[in-house]
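What follows draws every value from the coordinates through simple rules; no lab data is involved. A quick note: this is a predicted structure, and the numbers were derived from the prediction, not measured. Backbone-built Cβ (ideal geometry, glycine too); neighbour counts: all protein chains shown.
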Amino acid sequence: MVDKDLLSIQETRSLVRAARKAQAEFCPLSQERVDAVVKAVSEATAAQADVLAAMAVEETGFGKVADKRIKNLLASQKVYAAIKDMKTIGLLCDDKIRKVMEIAVPVGVIAGIVPSTNPTSTTIYKSLISLKSGNAIVFTPHPSAKKCIARTVEIIQGALAACGVSTDLVSCISVPTMEGSGELMRICDLILATGGPGMVKAAYSSGTPALGVGAGNVPAFIERSAKIPEAVAKIMASKTFDNGTICASEQSIVTEACIADKVRNALVAQGGYFLEGEKLEKVKRIMERGNGTMNPQIVGRDALTIARLAGIDVPANTRLLISDEPGVGPRHPFSKEKLTALLGFYVVNDWHEACELCTKLLENCGIGHSLAIHSQNEEIIREFGLKKPVSRILVNTPSTQGAVGLSTALFPSFTLGCGTVGGSATSDNVTPMNLLNIRRVAYELDSSETWQPACGCTAAPASSCCGAAPAPEQPKGSIDINAITAMIVEELKKAM
């Protein structure tokens with residue numbers, strides 16, 4: 001008999017020990033040497049983008065091969081282009097004026113938690129940013145995607161071996177269990193968590209520093225000044241990309257009553273099908289499990305597959321199944337995150353009401369993540385930017401492609417922070433700089449620039465200042481440093 005939990009824990013401990021040794025040998029290398037390794041890994045994984053995409057779809061059943069190929073290339077080629085010139089090793093900055101040096105210090109061994117929705121691309125991306133910052137990474141794969149993740153790691157290890165560095169810099173648990181993942185999170189130095197809410201919560205509860213991302217429930221507001229056919233086309237392109245498996249994909253459309261018919265017609269013209277009556281009820285019955293979470297059988301599936309599973313007929317050209325949703329909350333499944341070809345549809349009177357509704361949708365398990373807006377009105381766009389509780393607002397662009405950095409200048413990333421409002425330690429698209437500590441070496445400034453006691457006793461420590469000379473008069477409204485110093489000295493004397 002084999003206890004899988006014990007086996008997973010033991011394997012995890014062995015992998016972390018090996019990773020620590022490898023990382024200790026890797027981090028002293030020069031920036032140029034590290035960059036050469038990162039480039040080799042980028043090229044090796046990009047060359048296998050098609051194969052890995054097909055493996056991911058075959059194993060998980062989620063998404064489309066063509067779109068997963070694009071995600072693999074984003075994770076390999078575009079991430080590399082974004083990080084190749086970053087200074088991440090050794091001395092980062094030597095400010096001669098401020099007399100402060102900044103030195104990069106890798107965090108050590110990272111625990112990489114990988115979801116089944118974006119398995120190969122997330123593995124490539126996390127490996128590149130970890131290596132670039134001088135770290136090692138040990139992956140705990142989602143059980144339903146362990147083969148394609150393991151193959152991705154094998155390709156990366158081949159590139160590491162060809163560069164003459166240890167293959168233990170990037171490794172993967174072959175017997176993934178919750179206990180093994182828990183042990184990895186407990187003994188690593190930093191957790192980089194991408195996955196469901198339960199896994200992210202476990203990461204933050206582990207006692208180990210963590211960068212975790214929350215769920216996305218992205219509303220897309222089509223404001224009356226928007227170019228409607230173009231806005232709808234972008235939402236369609238985003239929501240159907242890899243069958244909606246990226247958490248930044250739109251989950252609901254919010255639009256104004258004065259243009260609602262035009263938006264609805266544009267959706268239908270581009271392959272949207274509005275569910276009604278019995279068809280709507282049948283789809284709702286397969287959307288969720290008994291506990292209210294997403295039904296994995298429909299995650300990452302196209303609209304025709306969902307219709308077939310629900311036992312309904314829809315036109316052959318249907319790309320999205322849409323529902324007019326009357327409310328927000330647990331009893332309204334189309335108001336939640338749906339990582340598949342399902343979309344909620346809401347009509348409001350004006351942008352003020354849209355603003356309130358978008359906030360409610362975000363508070364329904366999507367707060368802190370992302371919001372999309374299609375508008376030509378810069379004042380309204382600015383109002384949304386100032387007030388919405390999200391970490392990124394995507395303007396006149398597909399939300400999926402915009403958030404991960406395909407159609408915008410945001411950092412290309414598969415770990416999208418949600419900020420503290422979303423229970424995350426960062427609001428960034430995570431980069432190698434998030435995986436570094438910065439050591440600062442600060443020299444004393446010239447005596448003319450330092451705080452001096454009011455008496456001018458520069459030779460003696462402030463604690464032995466005589467306090468005899470009065471403080472010079474300061475301009476009204478300025479901060480009198482000498483007076484503050486003298487006051488502190490007097491208080492210290494009284495306390496002695």
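Between exposed trypsin sites (Lys or Arg not before Pro) in the chain, where DSSP calls loop and at most 14 other Cβ atoms lie within 10 Å, what's the longest gap?
On the way: sites that count: LYS84, LYS87, LYS96, ARG98, LYS99, LYS227, ARG289, ARG331, LYS476.
Counting at most 14 other Cβ atoms within 10 Å as exposed, the longest clean stretch of the chain is 332-475.
Would you calculate a helix-derived [θ] at 222 nm for the chain, using -39,500 (n - 2.57) for each DSSP H run of n ≥ 4 and dividing by the full residue count, to the nearest 500?
Numbers: 17 runs with 199 residues, N = 496.
Helix contribution divided over all residues of the chain: -12500 deg cm²/dmol.
Working from the pairwise distances between different alpha carbons, so that the mean of 1/r is found and then inverted, what is the stretch 194-281's Kirkwood radius in Å? Let's see the in-between values first.
Details: mean 1/r = 0.0651 Å⁻¹.
For the stretch 194-281, inverting the mean 1/r across all distinct Cα pairs yields 15.4 Å.
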Just the ratio, please: alpha-carbon radius of gyration of the stretch 77-152 over 2.2 N^0.38 Å, N its number of residues.
1.40
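I'd like the antiparallel share, as a percent to the nearest 5, of DSSP beta bridges with both residues in the chain.
Numbers: 13 of 53 bridges.
Looking only at bridges with both residues in the chain, the antiparallel portion is about 25 percent.
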So for SER205, SER116, SER166, SER252, fewest C-beta neighbours within 10 Å to most, what's the order?
SER205, SER166, SER116, SER252
Let me know the Kirkwood hydrodynamic radius for the stretch 218-409, please, with Cα pairs as the basis and the value in Å to one decimal.
16.3
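How high is the relative contact order of the stretch 218-409, given as a whole-number percent (alpha carbon pairs under 8 Å, six or more residues apart)?
Relative contact order here is 31 percent.
With only alpha-carbon pairs counted, each pair once and no self-pairs, how large is the Kirkwood hydrodynamic radius of the chain in angstroms?
Numbers: mean 1/r = 0.0401 Å⁻¹.
Every distinct Cα pair counted, the radius reaches 25.0 Å.
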In the chain, once you exclude exposed GluC sites (Glu not before Pro) (DSSP loop, at most 10 other Cβ within 10 angstrom), what's the longest stretch remaining?
1-275
Roughly what would the spin-label model give for GLU276 and GLN376, points 7 Å off Cα along C-beta, in nm?
3.2
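Please tell me the relative contact order of the chain in percent, rounded to the nearest whole number, where contacts are Cα pairs under 8 Å and at least six residues apart. Before the final figure, lay out each step's value.
Values: 1033 pairs, mean separation 80.3, N = 496.
It comes to 16 percent, rounded to a whole number.
Using a 10 Å cut-off around each Cβ, can you sort VAL441, VAL390 from fewest to most neighbouring Cβ atoms? Provide the component values of the computation, followed by the final result.
Working: VAL441 11, VAL390 27.
Lowest count first: VAL441, VAL390.
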GLN251 long-range amide H proximity, modeled H, under 5 Å
VAL218, ALA220
In whole Hz and in residue order, list the ³J(HN,Hα) couplings for the stretch 351-358 that follow from phi through the Karplus curve 6.51 cos²θ - 1.76 cosθ + 1.60, θ = phi - 60°; x for Gly and Pro.
6, 5, 5, 4, 4, 5, 5, 4
Lys/Arg Cβ at +1, Asp/Glu Cβ at -1, dipole of the chain taken about the Cα centre: which of ILE306, ILE89, LEU7 is farthest positive-ward?
LEU7
Quick one: TYR204, TYR346, TYR80, fewest Cβ neighbours within 10 Å first, how do they rank?
TYR204, TYR80, TYR346
Report the relative contact order of the stretch 334-403, percent, no decimals, based on alpha-carbon pairs under 8 angstrom and at least 6 residues apart.
30
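Work out the P(r) tail for the stretch 230-343: percent of alpha carbon pairs separated by more than 21 Å, whole number.
Details: 1948 of 6441 pairs.
Summing the P(r) of the stretch 230-343 above 21 Å gives 30 percent of all pairs.
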Using θ = phi - 60° and the Karplus curve 6.51 cos²θ - 1.76 cosθ + 1.60, what whole-Hz ³J(HN,Hα) does each residue of the stretch 199-207 get, with Gly and Pro shown as x?
5, 5, 4, 5, 4, 6, 9, 6, x
